[in-house]
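Everything on this sheet refers to the single structure shown next.
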Amino acid sequence: MNKKNILLMISIVVITLLSCSLSQNHNDDDDEPIFFEDFESDIADWTIRSYGSIPEISFLDSGGIDNSNCVRIINNEFKFSGLYTIVELTPSNYYNCIGWIKTENIGLAEGATDTANIEIAHIVIRGANSNIPDVLQTSGEMDIYESDWKEVGYTFFAPYESIMLYCRLGSYDSYVKGTAYFDNIGIYELELLNYESKYFTLRIEPTDKERISDEALNDWLDKLDLVYEEYYNLVGSYPFNGEKITILSVLHNPGGWAVAGNPIKWNQQWVGEELESIENDGHWSFGIIHEIGHDYDIDARWNFDAEHWANFKLTYVVEMLDAKVPTEFGYFQGEEIYDFWERLYEKNINDGDPDNDLAPTTWFCWIKEEIGWEPFKQTFRDYLDGTVTENPTEVIDKFNLFLDVLSSNTQEYEDVRDIWPEDILNMLVDHYEGMR
């Protein structure tokens, strides 16, 4: 089968995984896997794929975890090789895939980013490039990665009755050479508690639920429904065509404390602590409100800075709902959120970093204090209804277009840039000219 046909067969969403310690809550030793491969027999049930010359893929009776059996892939030239098997699952369930990967002498071709990895159809577990290398050396034109056995895992949603489980060295757009070993790959059905509100589905570990009462949890979900509606009031549209958003506890580090999308992936190691704090202190969770805000980045044309917009939209929601949120300076409620941004800005100035990535939110709050929220609301709607026809690609051009449209919706100022001191405007221009 050629590369084009395979790409048609497997639609891949690439998601990066950092190597992690896996929670016992996700797969205790007593849990029975839906699928488990320790390569103790052979690889007859696996199909080999390669783009390039014929790969060296071998079943070994030693060299695995505790010197057990394993499978080895060797690329002697830059290419993509692997082997896959089909696993039967229950559609619409969540699962954990956990496996072990070891790498030797991995070199990346120009432009390549992926080394050894485990792929699930539609979901990719990034293995050896998330195996933060124990040793990083340089030899000639390429980097060489050496990594001992690393346990990697990912939480995924099964859309179909069967998925393709793939052990790979490289990927479709990343050709590499070197050696990779795979062992003890298991898929476990995820047993999470499910809680529903009007706009959200929350799926969390039973042990994390023990840290919050039913009353406090349901009250928090009701507050998130208000957050959802208030974001709509600001930007004028719902994300994901109005579908419910799942907030999903995941065993891996999804790229931060939590990561936006549908589902919003919430790093399990922080879930219980946050829920207990919500119970005890009655706050709304800055982090989850922030990630919901990312989901309301409805139009890429005005989204010149995703982190700024998530924080600035959060500011609107906190003010409108008189919400209480935790910060590094303590709790702030309602309009006090502006004091938080000012304190953070002052801290950054004192730290010698006045134009860091959080500063634009403070500076946009200065504009809001002068003109209010209505011009922002109208500006977002001008993008939605086709009044704004331009489609800039450069970050600085998106920034300037938004300010031009905002200015056109403002009676007090011909140009809202005049609200900023000249040095601030210059810093903003330099900031966004440097972003791609």
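Here is how the numbers come out for the structure above:
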quantity: Sequence-separation-based contact order of the range 317-416, relative, with Cα cut under 8 Å and 6+ spacing, percent; calculated: 15
quantity: Dimensionless Rg ratio for the range 283-416, taking C-alpha atoms and the 2.2 N^0.38 Å reference; calculated: 1.06
quantity: Qualifying GluC sites (Glu not before Pro) in the range 53-114, DSSP loop, other Cβ atoms within 10 Å at most 11; calculated: 110
quantity: Helical mean residue ellipticity (222 nm; -39500 (n - 2.57) per DSSP H run of 4+; nearest 500) of the chain; calculated: -10000 deg cm²/dmol
quantity: Apportionment of accessible area to carbon and sulfur, the range 312-357, percent (1.4 Å); calculated: 39
quantity: Separation of the residue 414 and residue 244 label points, Cα + 7 Å toward Cβ, nm; calculated: 5.4
quantity: Residues of the chain: accessible area per residue with a 1.4 Å probe, Å²; calculated: 44
quantity: Compactness index (Cα Rg / 2.2 N^0.38 Å), the chain; calculated: 1.11
quantity: The range 178-261 shape via C-alpha gyration tensor axes, a/c threshold 1.5; calculated: oblate
quantity: GNM result for the chain, Cα springs below 10 Å: residue of 387, 179, 410 fluctuating most strongly; calculated: 387
quantity: The range 179-333, relative contact order [Cα under 8 Å, separation at least 6], %; calculated: 21
quantity: DSSP loop chymotrypsin sites (Phe, Trp or Tyr not before Pro) with at most 13 other Cβ within 10 Å: longest gap in the chain; calculated: 161-328
quantity: Three-way shape call for the range 263-312 based on the alpha-carbon gyration tensor, with the a/c threshold at 1.5; calculated: prolate
quantity: Under 5 Å, built H, 5+ apart or other chain: amide partners of residue 201; calculated: 245, 246, 247
quantity: Relative contact order of the chain, defined on C-alpha pairs under 8 angstrom at six or more residues apart (%); calculated: 14
quantity: Peptide ranges 111-118, 61-68 listed from the most packed, as the mean C-beta count within 10 angstrom indicates; calculated: 111-118, 61-68
quantity: Dimensionless Rg/Rh of the range 233-285 - Kirkwood Rh, Rg from C-alpha atoms; calculated: 1.05
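The values are calculated or read from the model by the stated rules, or taken from the named source; none is laboratory data. Predicted model only: the values in this text are computed from it and were never measured. Please note: Cβ atoms are built from the backbone with ideal geometry, for glycine as well, and neighbour counts cover all protein chains shown. Protein only, heavy atoms only, side chains kept; ligands, DNA and RNA dropped before computing areas. Shrake-Rupley method; radii C 1.70, N 1.55, O 1.52, S 1.80 Å.
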